[in-house]
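So the structure is just underneath, and the comments pick up after that.
The values are calculated or read from the model by the stated rules, or taken from the named source; none is laboratory data. Just so we're clear, the structure is a prediction, and the values are computed from it rather than from any experiment. Glycine also receives a Cβ, built like all others from the backbone with ideal geometry; neighbour counts cover every protein chain displayed.
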Amino acid sequence: MRDFVETVLSQSERDAIDFALTAGNPWSHESFEDPIKGNLLTAKAKIKDFHSARVSKKCCYCRRSLEDASIESDREHIVPKGKKKSLSYNIFNLSIACKRCNMTYKGEKINHIVNFETIEADLRNSGRYLIPHPNIEVYDDHLLRISLQFGSKQITSYRCITDKGRFLYDFVRLDRLCVNEIDEAQGGEKVSEIAAELFDLPIGGV
Ligand SMILES: [Zn+2]
């Protein structure tokens, strides 16, 4: 990931970031004049593209597809930039999340970090995070998002595999994204039975 800074960001963009980090609000490109402002904007666009590819264009917390036009996405600071300004442009501290997870549920919270005061020197240690870190851990090892459409009915659910997965589930209130229209439509018939029926069908239909 260090290579990203050295090979993808231009010297002008890196200089603009260094300059911005000396200011009170480094992430706010609007508070700078050109050419700093322009270089920060292009650097941010490159950061977004880089992380978007890393998480397969899915929110790093809820795993919903960010290719869905109705879901807005933004760069996500795992350690909130408002709490650690020096990490505003740290590529390792960044990922991509939907606005719902980023703004509504995570915000400036720091209770997913162990010993927040000393996190900066230990940023790459997975043991310092109570959630699966998007740049250290594999999401699916901790939490599985299951989403299935059966005809016109939809089911979305999460399976917590580890304590970190469980923490993330509660942290960004993934329970509120769960829907089960299939069970409701079938008068309580088990979803697993419907799923089994679905998987018995040949791909492409009969
Ligand atoms: Zn999300």
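In the range 62-95, which residue that is among the small types (G, A, S) and in contact (Cβ under 8 Å) with a residue 24 or more places away in the chain is nearest to the ligand (Cβ to nearest atom)? By that ranking, first place goes to S73. Looking only at the range 107-154, which residues are under 30 Å from E181 (Cα atoms) and among the basic types (K, R)? R145, K153, listed by residue number.
Could you list all residues from the range 39-51 that are out of contact with any Pro (no Cβ under 9 Å at 6 or more places or on another chain) and within 16 Å of the ligand (Cβ to nearest atom)? Across the range 39-51, the qualifying residue is only K48. Of A53, A23, A43, all but one fail to be among the aliphatic types (A, V, I, L, M), under 30 Å from Y158 (Cβ atoms) and out of contact with any strand residue (DSSP E or B) (no Cβ under 8 Å at 6 or more places or on another chain); the exception is A53. The single residue among S126, S86 that is touching a helix residue (DSSP H, G or I) at 6+ places or on another chain (Cβ under 7 Å), over 23 Å from S73 (Cβ atoms) and small (G, A, S) turns out to be S86.
When I96, I78, I119, I113 are screened for being of a type outside the set (K, R), touching a strand residue (DSSP E or B) at 6+ places or on another chain (Cβ under 9 Å), assigned by TED's automatic domain parsing to the domain that holds S52 and more than 26 Å from A16 (Cα to Cα), only I113 passes.
For the range 48-74, residues that are under 22 Å from E6 (Cα atoms) and buried (at least 19 other Cβ atoms within 10 Å of the Cβ) total 2.
A quick yes/no check of all residues on (1) part of a helix (DSSP H, G or I); (2) away from the ligand (no atom under 16 Å from the Cβ); (3) modelled with pLDDT under 95; (4) under 30 Å from N115 (Cα atoms):
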residue: K37; (1), (2), (3), (4): yes, yes, no, no
residue: A53; (1), (2), (3), (4): yes, yes, yes, no
residue: C60; (1), (2), (3), (4): no, no, no, yes
residue: A97; (1), (2), (3), (4): no, no, no, yes
residue: M103; (1), (2), (3), (4): yes, no, yes, yes
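I need the full set of residues from the range 67-118 which are acidic (D, E) and under 20 Å from W27 (Cα atoms), in order please. Matches in the range 67-118: E72, D74, E76, E108. From the list I155, I91, the one residue that fits, being at pLDDT below 95, surrounded by 18 or more Cβ atoms within 10 Å (Cβ to Cβ), in contact with a Ser or Thr (Cβ under 9 Å, 6 or more places away or on another chain) and on the phi < 0 side of the Ramachandran plot, is I155.
Here is a check on your reading of the model: is E6 away from the ligand (no atom under 16 Å from the Cβ), surrounded by fewer than 16 Cβ atoms within 10 Å (Cβ to Cβ) and free of Cβ contacts under 8 Å to residues at least 40 places away in the same chain? Taking the combined requirement at face value, the residue satisfies it.
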